[in-house]
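Before any comments, here is the structure.
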Amino acid sequence: MVFDLMINNMPVRAKYSDQNVKEIFLPLLHKLDALQKQKNGRILVMAAAPPAAGKSTLTKVLACMADGIPGMEKITVVGMDGYHKYQSYLDTHTLFREGEEILMAKVKGCPETFDIEKLEGKIREVAAGKTGTWPDFDRIKEDPVEDALIVDSDIVLLEGNYLLLNEKGWRDLSKYADYTISISADQEFLRSRLIDRRVRAGIPRKDAEEFVDFSDMYNVRMCLRNTMPADLMLYLESSGEYSILHESGL
């Protein structure tokens, strides 16, 4: 199946096999539908994955598919990327990594470049069933866009790299989730996808490789090594297909 989407203000065409749709995506949607009806209120689903593992695209596709299931509550998709610290902050603040002081802008996307306190506060409101707004992230402007999305449905799907990270502060976020999903993949496969993504955005390949190897791959390894177990654990194959590593019952 083919889906034409807008993600972070950029057009994306997603293609998935009929097997993935029938054996993974549709059963997952029916499970979330049953969970929401059983709770008779809002459920918050968290989807975590390393950079380039396709989580943003997959969650948008799930929302599109949910619209076609009779009687199912619509899915609102939001991302933790809206809680990036502003570029002006990253350009003027540093962090320490392995004893070296680094400008935050050079490692944009690592956990320290997100406003985790603000993120947790909004997650708490969403989990409590409140209607409100959520920031989006504009990849053209490279900054958050405040109040870009409305959260008013009874199934909210939150996606992000570090939602299940087993690190101080981050590990507390999953307590708000009714259901969790994680995605893993081969490191070199993700590296190739990250470089290609930057090249398609107009960045010279040499510069793309340098940034990916210095910054993105650090985050990839962190996610692959230190993401907590999820209710549904998927693996992204080099073919672009997903397979199930683990699935728990409701």
Which numbered condition Met222 fails, given (1) touching a residue at least 24 places away in the same chain (Cβ under 8 Å); (2) buried (at least 22 other Cβ atoms within 10 Å of the Cβ); (3) not small (Gly, Ala, Ser): (2)
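Per-residue answers, yes or no, for (1) over 23 Å from Lys39 (Cα atoms); (2) among the polar types (S, T, N, Q):
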position	(1), (2)
Leu149	yes, no
Val156	no, no
Thr180	no, yes
Arg191	yes, no
Pro204	yes, no
Val212	yes, no
Asn219	yes, yes
Asn226	yes, yes
Ala230	no, no
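Could you list all residues from segment 177-192 that are of a type in the set (D, E, K, R) and in a helix (DSSP H, G or I)?
At the first step, the residues of segment 177-192 found to be of a type in the set (D, E, K, R) are 178, 186, 188, 191.
Those that are of a type in the set (D, E, K, R) and in a helix (DSSP H, G or I): Glu188, Arg191.
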Checking Ser184 against (1) small (Gly, Ala, Ser); (2) touching a Ser or Thr at 6+ places or on another chain (Cβ under 7 Å); (3) open to solvent by 20 Å² or more (accessible area, probe 1.4 Å), the condition it does not meet: (2)
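Residue-wise test of (1) outside any helix (DSSP H, G or I); (2) over 28 Å from His30 (Cα atoms).
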site	(1), (2)
Gly129	yes, no
Lys141	yes, yes
Leu149	yes, no
Leu194	no, yes
Val199	no, yes
Gly202	yes, yes
Glu209	no, yes
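Among residues belonging to segment 134-181 that are among the hydrophobic types (A, V, I, L, M, F, W, C) and within 24 Å of Tyr218 (Cβ to Cβ), point out the one that is surrounded by the most Cβ atoms within 10 Å (Cβ to Cβ).
If we take residues in segment 134-181 being among the hydrophobic types (A, V, I, L, M, F, W, C) and within 24 Å of Tyr218 (Cβ to Cβ), then Leu163 is surrounded by the most Cβ atoms within 10 Å (Cβ to Cβ).
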Checked pairs for segment 232-250, first part of a loop (DSSP other than H, G, I, E, B), second not acidic (Asp, Glu), C-beta under 7 Å and 6 or more apart or across chains, list as Glu237/Ser243; Ser238/Phe189; Glu241/Ser17; Glu241/Asn20; Leu250/Lys31; Leu250/Ala34; Leu250/Leu35
Kindly state which strands (runs of 3 or more DSSP E) lie completely within segment 39-126 and contain at least 2 residues that are crowded, with 21+ Cβ neighbours inside 10 Å. 43-48, 75-79
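The values are calculated or read from the model by the stated rules, or taken from the named source; none is laboratory data. What you see is a predicted model; the values in this text were computed from it and never measured. Positions of Cβ are generated from backbone atoms using ideal geometry, with glycine treated the same way; all protein chains shown enter the neighbour counts. Each accessible area value is taken on the protein alone, full model and side chains, heavy atoms only, with ligands, DNA and RNA left out. Shrake-Rupley method; radii C 1.70, N 1.55, O 1.52, S 1.80 Å.
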